[in-house]
Amino acid sequence: GAVVSQHPSRVICKSGTSVKIECRSLDFQATTMFWYRQFPKKSLMLMATSNEGSKATYEQGVEKDKFLINHASLTLSTLTVTSAHPEDSSFYICSASPRRVTYNEQFFGPGTRLTVL
Amino acid sequence: KQEVTQIPAALSVPEGENLVLNCSFTDSAIYNLQWFRQDPGKGLTSLLLIQSSQREQTSGRLNASLDKSSGRSTLYIAASQPGDSATYLCAVNGGGNKLTFGTGTQLKVEL
């Protein structure tokens, strides 16, 4: 149980285009999903918290117009990198917490490698 | 602001050795602490979660301890195997389910 998927696993795009990454909780409902970014040989940095049915909460320094987050259902959150540039190239990972609030464990997706040419 | 540090940054041990990975955090007001494993180019696999009221958790050859007052956690790996080679990350949950990750320990277990 508690499986999180991401699609695509790898994407290469041209500078100026937009890229959408999907995060799905496959066997549980998640009212909250999280988006992280990881640079090579670095740890994960939280970008934003995605709440089902409401606007995402962005961390300081993360451009909300650049990284659009939508949490349309209890099993799906999407991250759209708009007008991507080479500096947006990174490993993006999502996570989700089951609705059993007292446990508060996060389960992570396999990540999406974005390369912007 | 919570800061999480892991020591050592890298570790190489022979197969069969027992080892300890360290994690320290600056703000002891945490909800829980999680240890993860990350293989190169992959996502995170949750290994152990310790709630703030707990002292330790065990799963197979892994044992994690938590000393909240001193801001420390350790991950003990018994009888290490080459398949244990990976980067190990600790993360603290300071509330709101927001995780602050450590810098990671890159472990290599050699034959």
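Numerical summary
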{"read-out": "Entirely in the stretch A:1-108, the strands (runs of 3 or more DSSP E) that have 1 or more residues that are among the acidic types (Asp, Glu) and at pLDDT 95 or above", "value": "A:19-25"}
{"read-out": "Residues satisfying the stated conditions in the stretch B:1-53, i.e. closer than 17 Å to residue B:106 by Cα, within 11 Å of chain A (Cβ to nearest Cβ) and not in a strand (DSSP E or B)", "value": "B:9, B:39, B:40, B:41, B:42, B:43"}
{"read-out": "Breaking point among (1) facing chain B (nearest Cβ under 10 Å); (2) under 11 Å from the mean Cα position of the chain (by Cα), for residue A:80", "value": "(1)"}
{"read-out": "Pair list, Cβ under 7 Å, 6 or more apart: the stretch A:37-64 residue in contact (Cβ under 8 Å) with a residue 60 or more places away in the chain, other residue buried (at least 18 other Cβ atoms within 10 Å of the Cβ)", "value": "A:38/A:44; A:38/A:90; A:38/A:91; A:38/A:93"}
{"read-out": "Residue among A:59, A:52, A:63 that is among the acidic types (Asp, Glu), out of contact with any Lys or Arg (no Cβ under 6 Å at 6 or more places or on another chain), surrounded by fewer than 19 Cβ atoms within 10 Å (Cβ to Cβ) and under 24 Å from residue B:89 (Cβ atoms)", "value": "A:59"}
{"read-out": "Criterion violated by residue B:108 - all others in (1) out of contact with any Phe, Trp or Tyr (no Cβ under 8 Å at 6 or more places or on another chain); (2) assigned to a loop (DSSP other than H, G, I, E, B); (3) surrounded by fewer than 19 Cβ atoms within 10 Å (Cβ to Cβ) satisfied", "value": "(2)"}
{"read-out": "First in the stretch B:5-22 and open to solvent by less than 60 Å² (accessible area, probe 1.4 Å), second anywhere and aromatic (Phe, Trp, Tyr), Cβ under 7 Å, 6 or more apart", "value": "B:21/B:88"}
{"read-out": "Any pair with Cβ under 6 angstrom, 6 or more apart, that starts in the stretch B:82-111 at a residue that is more than 11 Å from chain A (Cβ to nearest Cβ) and hydrophobic (A, V, I, L, M, F, W, C) and ends at one that is open to solvent by 10 Å² or more (accessible area, probe 1.4 Å) and part of a strand (DSSP E or B)", "value": "B:86/B:37; B:92/B:4; B:92/B:25; B:92/B:100; B:107/B:11"}
{"read-out": "Checking residue A:84 against (1) more than 20 Å from residue A:26 (Cβ to Cβ); (2) out of contact with any Cys (no Cβ under 8 Å at 6 or more places or on another chain), the condition it does not meet", "value": "(2)"}
{"read-out": "Number of the exception - residue B:25 against (1) surrounded by 13 or more Cβ atoms within 10 Å (Cβ to Cβ); (2) out of contact with any Leu (no Cβ under 8 Å at 6 or more places or on another chain)", "value": "(2)"}
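The values are calculated or read from the model by the stated rules, or taken from the named source; none is laboratory data. All figures in this text were calculated on a predicted structure; none of them were measured in a lab. Cβ: placed from backbone, ideal geometry, glycine included. Neighbour counts: every protein chain shown. All accessible areas refer to the heavy atoms of the entire protein, side chains included, with ligands and DNA or RNA removed. Shrake-Rupley method; radii C 1.70, N 1.55, O 1.52, S 1.80 Å.
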